[in-house]
Structures are given as C-alpha cells and as structure tokens.
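Some notes on the structure that comes next.
The values are calculated or read from the model by the stated rules, or taken from the named source; none is laboratory data. Quantities reported herein were computed from a predicted structural model and do not represent experimental measurements. Methodologically, a virtual Cβ is constructed for each residue, glycine included, from the backbone with ideal geometry; neighbour enumeration extends over all protein chains shown.
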Amino acid sequence: MDFSLSEQQEMLRKIARDFFSNELPKTLVKEMAQDARGYRPDLWEKMAGLGWMGLVLPEKYGGSEASFLDLAILLQEMGRACLPGPFFSTVVLGAFTIMEAGSERQKERLLPGLARGELIITLAVAEPNAINSPDCFEVKARKRGDDYIIGGTKLFVPDAHVADCVICAAKTAKGLTLFLVDTKSPGVTCTVLPAMGGERQCEVNFDQVKVSGKDILGEIGRGQYYLDKVLTRAAAAKCAEMLGGAEQVMEMTVAYAKDRVQFGRPIGAFQSIQHHCANMLNDLDGCRCMTYRAAWMVSEGIMCTREVSLAKAWVNEAYRRITALGHEIHGAIAFQHDHDMHLYFKQARVGGVAFGDTAYHGEIVAKALGL
Amino acid sequence: MDFGFTAEQEAWREEIRQFLKDNPPEKFPTQTGEDSWGHGSFSYEFVRLLGKKGWIALTWPKKYGGAERPWMDLLILFEELAYARVPWAAAAICWSMSNTILELGSEELKQEFLPGIGRGETILWLAMSEPDAGSDLLNMRTTAIEQADCYLVNGQKVWSALAHLSDHGFLFARTETDPNIPKYAAISLFLLDKSLPGVTIRPMTSMMGDIFHSEVFMDNVRIPKRYLLGKKNQGVIHLAKTLEFDRFWARFPKSAFCQKVLEDLAQYARETRRDGILLSQDPAVRHKLIESAIEIDACRMVFWNVGWKIDKGLPLTYEASAAKVLADDMGLRFFDRGLQIMGPYAYCGGADKWASLRANLRRWYLWTAGDSLAGGTSEIARNTMATAGLGLPKK
Amino acid sequence: MDFRFTPEEEAFRKEVKEFFGKELPPDWPGVDPDQYHEDAFDHIHEFSKALQKKFAAKGWLGLTWPKKYGGQEAPLWKQMILEEELTYRGTAGYDAYQFLGGCGDIVLEFGTEAQKEKYIPPMCRGEVKWATGMSEPNAGSDLASLQLKADLQGDYFVLNGQKTWQSAAHRADFAPVYCRTDPNLAKHRGISIVIVDYKTPGITMRRLTQMSGLDAFCEVFYDNVKIPKENLLGQLNGGWAVVMSALNHERTYGIQLIVNIKRDLDLLVQYCRETKVNGEPLAKNALLRNRLAEMAIQLEVARTLGYKVNSMVLKGQNPMATANQMKILGGIMTQRVAILGMQILGLYGQLGPVGGNWKQMDEKKDKWARLGGRMKHLYLTTVCNTIAAGTTEVARNGLATMGLGLPREPKPAAPAKK
C-alpha cells in the first residue's frame, strides 16, 4: 500500500498548478463562460506544447506514454482551475475510444494530430429518451452499400460545437456501433445547450449523415463493449477533476473562515463553522482515497468497474456537500456572481450527472454486492 | 502510488484466514456478553491463542517476545480478525497501550509487562475518564501524590472498558495539585495493579444489558514508584497520543466488521421475500445496501490512508480524529439502515439461520450509539480536525 | 386545539383564490418570495406594479393597518390567509416584506404622526415600493457592526457609506436605512433609522449579479446624501429597538419559503407522472417515490409549524423561537427540494434559461429544458436561503438560547485584529 505520488507526479502537479495560476485567472474562466467558442485557442496551444494532449498516448503517436494516474493528477489541477474547453472530451473521451476500438490505421491517422492539439474529438452517447440503455437508443445507422446513413439526435455531447469529429454511438442492424463522424459532414448540426457553468454541452442532430464504413471504430455491433470501457475511465477521470475542485473549495473556505471577522472574532472560531469544515474535510479525504484508488486500478489495468462506481457515487455526493458548505460558510458574498465559489458549486452539479449519476453507479455497486 | 498488497502480505492474509478456519471464533467461550467489533466480546481463550501464535506481539522487538513484523502486517491482522468477528476486545485495546509501554517504560517495566501481554495473559484497561472529566479530560481530579516510597492515589474513574476482567490499568492522574500550574503540566501516567489494596471495581450495566465498562474507585492506593510511565507531570502528551491512537485503533477494524455485516444483510436480502417481493429487488432495500457499501468502502480507504501515514512516520495532526468521526457517522447510519431492512422482524426470536444476525443488529445498533462518544465525542473530534488540522482558531 | 378554518376564513380564502384566477394568466409559473424575478426582469416588474394597484383596490395592501392611514383594520388571520394564498400562487405585486415588519409596521410602531400620514397611505394605495437598508460588507450576521454614517448637520442627516445585498433597491422609492449616528457609543447603541427617499442626490446603485445569473441585488453607495432630520424613525441612537421589532415581525419569511415549496413539489410529482427514462415511467421508480414522499412529509410538518407560529401571533404570544425554527426549516427544505429536483431531472437539470420558466425560452437552445429550467434556477438560488435574512447557524443559536434557554457562547478573550 502506498498513498504517495512519485517525484514525477509531484512535478507534473506543480507544473500544472503553476501553469494555471499564471494562465487562467478566474476572470478569464468567467469570460469564457460567455464566449461562443468557450475556450482560448492560445491556451490550448500552450497545453499542447506541454505535451498534455498526448500524455497517455503511445510514443509512436507523439505521446508520452504516461499512466492514467498521471492523467488523473493533471485533470485534478484542471478541475481546480475550472479549465474550460475540450480537453476532457478530446483526451478522455476521444483518444481513449480510438485507442480502445480503433484500427492501427485509424490510430495513425488521428492520434498524432490529437497529441499535437490539432484535432478536437468528442463522444456522442446520450439521447433525449435514453442515457445508458442501448435498447432505448434511437439514433440509427442504416447500411447503404459501403456507407452508413446516420439519423437522429444526440444530447449532452460535450464540445461538439468545436469538435472536428464526433464519435457517434448508433444502432445498426447488428447492434450498437461506433462511427467517427466529421462534424463538417452535411447533415450534422450542433446547438450549444445553455447549461450550468462554462462547460459546453450540445444537441447534435444527424440528418441523413453519410459515413464511410471505413470510419467505423472497432467491430460492428460491439459498440456497447467499447463504450463500457471508455465510460468507466471517463467516470474515474471525472472524479479526478471533481477532486481538484473540491480541494480548492476546502482551501478557499478555510481561508475565509480565518479571515472573516464578525462579532469580534474570526467566524472560524465558532463551533458550528468548525464542524462544517470538519465535515468538509472528511468528505474530501474520502474523495481523495476513492479517486486515487480507482485511478490507480485503471492505470494498472486491474478490473475495477466496482471501484470506479464506488468512487463516482461517493464523489458525486461528497463534492456537492462540500460546495454547499463552502457557500454556507462564505455567506452572502459567495452568492454573488463575481465570487468564485459558484464555479465549483456548478462544477459539482455538472460532474455529478456526467458519466453516471449516483443512482446509476449505485446499481453497479449493488450488482457487485450480489444483489 | 499502490493500492495493492504485496505477495507476502496476501500470503499473510491467507495465513490468518486459515487460522480462523481452523479456530472458528464462535467456538470460544466468552467472558462478556458483548458481541460487537473491536471493543467487543472477550474470550480469554481466544486471546491466549493469539498470544501463542505470537500475533499480539507481532510488531514488538524480539527482545520482548515480538516478531518485529512490519506495522502493515498488524493492520492486515486487525482487518481479518474484525471481519471474522473474533472475541478479541482486550487484545485490541492492549495493542495501543503496549506501544506506550514500549516507548516510555523502564527496562524493568517492559520486562515485567510485555511478555504477559504478548502471551495474552495480561490484560490492561484504560483509566482516563472521570465523572467530571469526559470531553474535558484535563479536568480530572484523581490525584497521585508523591510520597517517599510510592504514589498515593485517590479518586475515581468511570467508563473503564473491561476493567472487571483486566489486571492492570493505564492510569492517568494528577501528580501536581498547585492550581497555578496549568493542567496540561500536572498529569502523569501509571500502571495500576488492580489487586492493590484500595482499588474497587464496580461494573456498569450498559443499555444492552451487558457489562463492559466499570467505575473504578481508588482509596489511598499505594502505587510503587517504578510504575510511573514516562516522566512525572508529562502524562498529557501521552494522553493525547493515547487518544489519537485509540481513535485510530479502536475504529480501524470497524469498516471490515461492517463489511461482513453488509454481506450478511445482502445474503439475507437475496433469500428473503416480503409481500411477494425478494428484498434484494426492493429498490428501497437496495438503496440502503448500496449507500452502506459506498460509505463502508470510503471509510476503509481513509483508514488505510491513515494507517499508511503512521507506517511511514508521517506527522499526523487531525487524521485520527477525522477517521474516528467518519467511522462513527458511518456506523450510526449503517446499523440504522440494517435494522430498517429487517423491519419488525428484527425483533423476532427464533433459532433460524438469521436469528443471530437479528440479535446482533439490535445490539450493534445500540452499541454504535455509544461509539460517537467513546474516545472523545465526535463534536470534540471535529473541533480537533478544525483547529489542529485546518488551523482554525481555538476559542 | 382546532386545526380547522372557520367559514369566514374559508370564504376569504375563496375570494382570494378567485381573484388570482382572474388576474393571473392561466399558465403563470409563479415568482418566488425572494422577489428576485421582479427585481431582475423588467417585464415582471411592470406586471407586478399593475397587480399591486389591483391589490390596493381590493384593500389588501396594509390589510391590518389603521383605517386612518388607508388600511382596513382587518384581523390578522385575514392577512395570514392572504399571504399563504399569494405565496402558493407565486403572485407578483405583493412584496410581503414591505407590508409586514420591514417597513410599514415599523413606521406605524415608531413613526411620528406626520410620518405615518406621509408614508402609509401611498403604501396602501399601491403607489410606492419600499426596500430596506441593513447589510454592509462588514455587517452581515453581525448587523450591529454597521458603519454607514449619518451625521446630524443642522436640519439634515448627512449619509456616507455603503449598503450591500439590497434586494429591490433599484426598484424602490423609499427605504428605512440603518445608520451609525454615534460612533462613541457601544455598537448597538449608536444606531438610528432614517427613512431615505432613493431619489435623493448622492445615492448611486450598482446592480450585482447573483450566481443564478439574475441581477437582482444592489450595492447602494451614499455620498454626502442629505436626508431631512424629520426622516428619523424612532429615537436618535434608538435604532436597535427598531431592528428588534423588524426581526420580530419577520415571522413570515420561513413560512413563505415552505408554502412556496409546495408548488415545486407538485411540479415534480406531475413531472414524474409524465416522464419516462430508459423506458420506465419515473413515477414507478420506488426510490423516487420514497424521496418525494419524504419531502411531502417534511413539508407537512413545516406547514403545521407555520400555522403554529401564526396562531401564537394571533394569541399575542411571542413567536420568535418558533419563527426561528421556520426560518431554518424553510431554508433547508427549499434546498432539499432543489436537490431532489435535480436528481429527478438528471442530465436535464443542467438546462434552462436564467431565471427559469419565464417565457424567455429560446426555441432552439431551450428546447430540451425540462420544467422550463425551474429546477436549475431553484438549485442556484436556494443556496442563499440558509444565509439571507439571518444564516441558519445564527438562527440555530437563537433557537438554542431564546427557545431552549441554553447559555450563550462566551465572548472572545481579546478583540480580533482586522
């Protein structure tokens, strides 16, 4: 058992934290929430220059072959910084799916550009009437010669409005299949949904979109299998992001409790405030342990559906509680838009329903318990 | 980072499991009625068997009969024993006190006590709390006034767990009565021989109807000077350390214990129908089991984190208090849910397969109510987390 | 003990319901008692002003106030029924706070005859709006620490300083402003209340945007603002008595929150009946049923407690402790409903326009929002319900000391440096 990070991991953490301190003030985060694109391309390029897009990709595609745990540490800092933009979509959703399902040729075609920050990719799974049940999915892909025609609507697709490609899970006659769709294809329309914070989730309409059979990722009909693996990783990765945010909330809140004076003393001297902080701390420590364990297991290639679900179910609720208490302790000042706390409050909510809410992951835990 | 165990550690775990298969815990006669985890039921025979295996002294220097095994091995042992619900109460308590003896005791004391503790023959109890010194321990009034040849002890302790079965007490008493001396510089630590004249033990009946704690009255008890542990008037540091340790040790096994109960409940749910529905398919029941599974697992991970920090000698500020709060909150919710799952049937007697689960749930539900008070209330523990852990101002 | 309403009370309730049936559009989604929609959206504010005049025509503004000043001298129970009904419907145009405790009542209690004659009749006629000027950056929970100065110079108080988190200030005509008139006295003792006409030169307001996206608050800056000394309300340096009175009248905030929740709970139940997820109707999800039932139970408990508060007031008893309970419950329960709503809506909970279901829905972008984005709005606004008008922590302390007689926390040993 070892809960420590390696020297390299500590260094990655520090580099990332310093980078975001310098490059991503909260004013910029809030500005990006109103921006059409939602992120700054110059920042994106700098991140690519640091090798972050290719962090876990094999060297032959221009990556650094770091571990999932390393990526988790990076994502933690990104969560702490409230990084807007398509990093998660491209690196966690796009790249993993290609690595998992793609042919060598597809990997060679797509991954080097992705590693250089030149390709933005996302994944389209959820639909208006179904989130997790493939039986209820309605987006279809009909075979026509060597091509497929995709029709239907996907929802909550992150960053589709800036993506070059979207990996679309569509039902063929043989079952759910993953299609790599160029977003410039005729028939593809993206509408950004007014969601909660600075993240961009889109409605993507596929109106008779023609996709070559060569752009199928993996085997026809095996889409659910690949998705299960990618979504497990995505859930673990999302925990890491949420953990970073939770740590920042903890720090901000304790600092405020020490600083804010009312009734002649810092409010942190009051027992009710101290107890709130103590409860936040326990929730946070739980998040740390559960997230790192899940990330480590993913890194080691150990079967961990149960542990990822345990982590996500815990983090979903714990982070929500942490942000609620963070607000409570700050009082009115954090209710204002120009404070930073609500960025995390919203991040907690959005993260809490991404890649499985608590009920969903709870069911996976139940199955592991033999129920 | 590594969340796995080494091959040696896995082998050790197997060895313990085999031992438990060969020596089923339920076959051992118990001397108390408590049948809960950790500070639970107690069996002289079982504890002596642990002693014979060398497992009580697992991490001690060989000089005192120990095996000098790594600390992590002790944690693994705890986890496995708790999961198997062994009647080991005193042994569990002894572990933390024997560490203090190792650290502070004179060579003479070490030789006098450690072998017996290691064999499972000497049982210690922790004599800290008093009627006027609960959360405010420094308010203790028991005095131990230095005489020519002894310390003269007068006073009363309460909530002394297993005092009625133990031989020696870990006694905290005031050795300095000058009111100008701050309380934290007025307390010392002694090993009290229960058989000394003037010591009276009065067992207390718990709300479960069993005996676990006692009041201890000391009336002009003469403790020979050699039984002072550490330095005079410097007992508070050890008090604090004992508490920290107590919070960690006493709660470390809780998640393993609860995990086993959870598995039993899941099995119960899989086999029981109510109103035509299998309980395991009842969403309300599933939800309770799921919530419990998540909390128990999170608790376990946090405890291993703290255990690892102790193993690495990393400085702890709030961690033991935090872990205690986590475990106690978890326990309160878990046993409440467990009883709810059983519904009114929890109160049925009978001798069927689930009779002992029912009886135990009832008992543990009551027991766990006391946990959030023992070893320092959760309120105090949260204060410690805030001040020592987060640097928030003290009053 | 009697939990029924009299025929007279039922008749009045019917009259109120019929009025709303007529005056509110059939699909009126309801505004919240916090007034944020009215403060933020001009079109709602305009509707509110028009409706306020109609309330005035019915004599429902200042219902219990002396006829001499335009009131009806109606019994308090009528006021309570009116409050309950209009809160449940989420009616605009009746800012309960200005009519209960915060403004009108303190003028009636502490004002001179001239002040009563000047200020109360226009309130009863629905011609004006009042805000209130209490909080400052360093005087939140610790209101007595307020610093806005009011120097008596000849015939005027000259005001300098700043108020913040002022709801509705930008919509209001008048406000009782809590000032420091003597810095040499102990904190509580040097406070006075001055009635401020917001058109007075030297007052600037800066709209603050909340985390929900609504800009419903203001900072109000006072720069040498000259307020006639006749506008002093009550005694010079006797303002703390007014504060206590205003707080005493504040029994309604918690009750309003509770009544308001019923609308949202009903909305959620309806949603669960009508919605399928992964092929299964939500209303059949046993876990959700349980949670909704749990909320309904808590709501009933809170409502009953609300009736208790009202009944204590009607009997002339001091309801402060119970009113504190309501404040606590109201805040927490609104948050629970919001969390439950978000759980029920899942991914859809994230969608919706700022302010929720107020017909500013964009056909394309808001197409997928459920319940008009109501739950998201609720989720982002209810954060302040355990903070505004007294934090839950302070309210619990009040409940413990005033209600249960527990001793107060000791004062700090030495003053904190700042």
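Listing for the model above:
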| quantity | calculated |
| --- | --- |
| In the range C:187-217, residue nearest to C:Val383 (Cα to Cα) [restricted to those that are of a type in the set (A, V, I, L, M, F, W, C) and away from every other protein chain (no Cβ under 12 Å)] | C:Met205 |
| Test: residue in the range C:178-185 that is crowded, with 19+ Cβ neighbours inside 10 Å and among the hydroxyl-bearing types (Ser, Thr, Tyr) | yes |
| Selection count where residues are within 14 Å of another protein chain (Cβ to nearest Cβ) and of a type in the set (Asp, Glu), scope the range A:51-106 | 1 |
| Hits in the range A:357-371 (condition: facing chain B (nearest Cβ under 7 Å) and free of Cβ contacts under 8 Å to residues at least 12 places away in the same chain) | A:Ala366, A:Leu369, A:Gly370, A:Leu371 |
| 2 or more residues small (Gly, Ala, Ser): qualifying strands (runs of 3 or more DSSP E) within the range B:102-218 | B:150-161, B:168-174 |
| Positions within the range A:333-370 being surrounded by 21 or more Cβ atoms within 10 Å (Cβ to Cβ) and touching a strand residue (DSSP E or B) at 6+ places or on another chain (Cβ under 7 Å), in sequence order | A:Phe335 |
| Subset of the range B:141-167 (residues that are over 17 Å from the mean Cα position of the chain (by Cα), among the hydrophobic types (A, V, I, L, M, F, W, C) and closer than 30 Å to B:Gly120 by Cβ) | B:Ala144, B:Cys150, B:Val153 |
| Which numbered condition C:Leu268 misses (of (1) under 20 Å from the mean Cα position of the chain (by Cα); (2) farther than 21 Å from C:Gly111 by Cα; (3) buried (at least 20 other Cβ atoms within 10 Å of the Cβ)) | (1) |
| Residue match in the range A:51-59 (condition: more than 20 Å from the chain's Cα centre (by Cα), surrounded by 17 or more Cβ atoms within 10 Å (Cβ to Cβ) and not in a loop (DSSP other than H, G, I, E, B)) | no |
| Selected residue (criterion: nearest to C:Phe157 (Cα to Cα)) from residues of the range C:209-255 that are surrounded by fewer than 20 Cβ atoms within 10 Å (Cβ to Cβ) and of a type in the set (A, V, I, L, M) | C:Leu236 |
| Residues located in the range B:274-319, provided they are farther than 27 Å from B:Asp2 by Cβ, more than 10 Å from chain A (Cβ to nearest Cβ) and in contact (Cβ under 8 Å) with a residue 60 or more places away in the chain | B:Arg274 |
| Within the range A:255-269, tally of residues that are surrounded by fewer than 22 Cβ atoms within 10 Å (Cβ to Cβ) and within 7 Å of another protein chain (Cβ to nearest Cβ) | 7 |
| Which listed residue, of C:Ala293, C:Ala241, C:Ala286, is out of contact with any Pro (no Cβ under 9 Å at 6 or more places or on another chain), over 30 Å from A:Val157 (Cβ atoms) and within 14 Å of chain B (Cβ to nearest Cβ) | C:Ala293 |
| Residue match in the range C:170-181 (condition: farther than 27 Å from C:Ser48 by Cβ and free of Cβ contacts under 8 Å to residues at least 40 places away in the same chain) | yes |
| Residue match in the range C:269-276 (condition: outside any helix (DSSP H, G or I), out of contact with any Phe, Trp or Tyr (no Cβ under 6 Å at 6 or more places or on another chain) and more than 22 Å from C:Gly213 (Cβ to Cβ)) | yes |
| Looking only at the range C:272-299, and only at residues there that are modelled with pLDDT of 90 or more and charged (D, E, K, R), the one that is nearest to the chain's Cα centre (by Cα) | C:Glu294 |
| Among the candidates C:Ala338, C:Ala323, C:Ala369, residue that is modelled with pLDDT of 95 or more, outside the structural domain of C:His37 (by TED's automatic domain parsing) and crowded, with 24+ Cβ neighbours inside 10 Å | C:Ala338 |
| Condition met for A:Ser272 (facing another protein chain (nearest Cβ under 8 Å), hydroxyl-bearing (Ser, Thr, Tyr), touching a helix residue (DSSP H, G or I) at 6+ places or on another chain (Cβ under 9 Å) and more than 20 Å from B:Ala327 (Cα to Cα)) | yes |
| Residue selected from the range C:128-156 under the condition in a loop (DSSP other than H, G, I, E, B) and hydroxyl-bearing (Ser, Thr, Tyr), by the criterion nearest to C:Pro183 (Cα to Cα) | C:Ser135 |
| Subset tally (residues that are over 19 Å from the mean Cα position of the chain (by Cα) and closer than 30 Å to C:Glu83 by Cβ) for the range C:233-251 | 6 |
| Filter result for A:Thr191 (surrounded by 22 or more Cβ atoms within 10 Å (Cβ to Cβ) and either among the polar types (S, T, N, Q) or more than 29 Å from A:Phe355 (Cβ to Cβ) (or both)) | no |
| Filter result for A:Ala324 (under 23 Å from A:Tyr225 (Cα atoms), facing chain C (nearest Cβ under 10 Å) and either part of a helix (DSSP H, G or I) or not charged (D, E, K, R) (or both)) | no |
| Hits in the range A:168-200 (condition: within 30 Å of A:Tyr344 (Cβ to Cβ), touching a strand residue (DSSP E or B) at 6+ places or on another chain (Cβ under 6 Å) and in a loop (DSSP other than H, G, I, E, B)) | A:Ala195, A:Arg200 |
| Among the candidates A:Glu300, A:Glu317, A:Glu251, residue that is of a type in the set (Asp, Glu), farther than 30 Å from A:Glu65 by Cα and at the interface with chain B (Cβ under 9 Å from one of its Cβ atoms) | A:Glu317 |
| Which listed residue, of B:Ala320, B:Ala346, B:Ala327, is more than 22 Å from B:Glu263 (Cβ to Cβ) and either part of a helix (DSSP H, G or I) or under 17 Å from the mean Cα position of the chain (by Cα) (or both) | B:Ala320 |
| Filter result for the condition that a residue is in contact with an Asp or Glu (Cβ under 9 Å, 6 or more places away or on another chain), within 14 Å of chain C (Cβ to nearest Cβ) and closer than 26 Å to A:Glu199 by Cα, over A:Ala130, A:Ala126, A:Ala48 | A:Ala130 |
| Residue in the range A:244-282 that is nearest to A:Lys346 (Cα to Cα), counting only those that are among the hydrophobic types (A, V, I, L, M, F, W, C) and in a loop (DSSP other than H, G, I, E, B) | A:Phe270 |
| Unmet criterion (only one of (1) at pLDDT below 90; (2) surrounded by 20 or more Cβ atoms within 10 Å (Cβ to Cβ); (3) within 13 Å of chain A (Cβ to nearest Cβ)) for B:Arg363 | (3) |
| Any chance C:Thr382 is among the polar types (S, T, N, Q), within 30 Å of A:Asn129 (Cβ to Cβ), buried (at least 19 other Cβ atoms within 10 Å of the Cβ) and under 17 Å from the mean Cα position of the chain (by Cα) | yes |
